[in-house]
């Protein structure tokens with residue numbers, strides 16, 4: 001059974017939970033595109049927070065676009081699921097090839113979003129990392145490691161839904177996790193938490209960011 005009508009409602013639910021937090025600084029919402037942007041903007045508006053984007057891309061398993069063996073951020077943070085890499089027998093050449101392709105995708109996205117991202121400096125601030133859900137958790141873990149390098153005051157991860165394994169991974173990083181729907185079980189899909197689910201296009205991300213910055 002779904003928990004949210006759409007990503008907008010999911011962001012509103014998270015915003016209500018985050019309002020109880022005592023932030024030492026004006027918080028910074030760093031949303032992961034594309035699906036995290038509609039969620040993140042609701043949080044930023046409710047908390048009167050700053051909003052920016054942290055670009056993270058899944059490292060896709062060759063021949064399987066749905067599966068990932070790690071993640072790469074626009075700041076260059078690389079995180080591999082070593083256990084999965086070993087189990088599927090990926091060699092270094094294959095890994096390097098996927099990383100290179102992913103870097104190119106990130107650069108294209110940065111170009112598409114030019115002037116709309118990289119505006120906020122999270123150093124010394126309370127950071128809220130946002131996505132529309134966590135399946136493996138490796139995309140968020142790469143984002144966490146990247147943000148840690150910028151020396152924030154604190155990191156909160158806020159997501160509407162997560163698998164129990166992903167939730168445990170994030171908690172193990174030392175970050176605070178806000179997640180109303182954590183599911184255990186072998187089969188997990190972020191989309192199952194939403195009544196209305198679709199792949200958010202780049203054009204919608206750009207529209208949201210432009211509207212927020214008016």
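Read the figures in this text as sums done on the coordinates, not as results from a lab. Predicted model, so just to flag it, every value in this text is computed and none were measured. Backbone-built Cβ (ideal geometry, glycine too); neighbour counts: all protein chains shown.
A few notes on this one:
- The long axis of helix 138-148 is offset from the longest Cα principal axis of the chain by roughly 60 degrees.
- Cα long-axis angle, helix 92-112 against the chain (0 to 90 degrees, to the nearest 10): 30
- DSSP-defined beta bridges in the chain - what % are antiparallel, rounded to 5: 30
- Taking 0.36 nm per residue of separation and subtracting the current Cα-Cα distance, fully stretching the chain between residue 21 and residue 145 would add 42.4 nm.
- Annotation for residue 121 and residue 5: the two label points, set 7 Å from Cα along the Cα-Cβ direction, are 4.1 nm apart.
- Modelled label reach - residue 196, point 7 Å along Cα→Cβ, the range 8-29 residues with backbone N closer than 19 Å: 8-15
- Within the range 136-176: backbone nitrogen closer than 17 Å to the residue 204 label point (7 Å, Cα to C-beta): 160-161
- Whole-angstrom gap from the range 85-149 to the range 1-42, using each part's C-alpha centre: 19
- Structure-derived semi-axes √(5λ) of the Cα gyration tensor in Å: which label, when the choices are (1) 37, 18, 13; (2) 25, 20, 17; (3) 39, 18, 16: (2)
- Protection proxy ranking, highest mean first, for peptides 6-12, 23-29: 6-12, 23-29, where packing is the per-residue count of other beta-carbon atoms within 10 Å, averaged.
- Computed FRET value (nearest 0.05) for residue 154 with residue 187, which takes r as the C-beta separation and R₀ as 22 Å: 0.05
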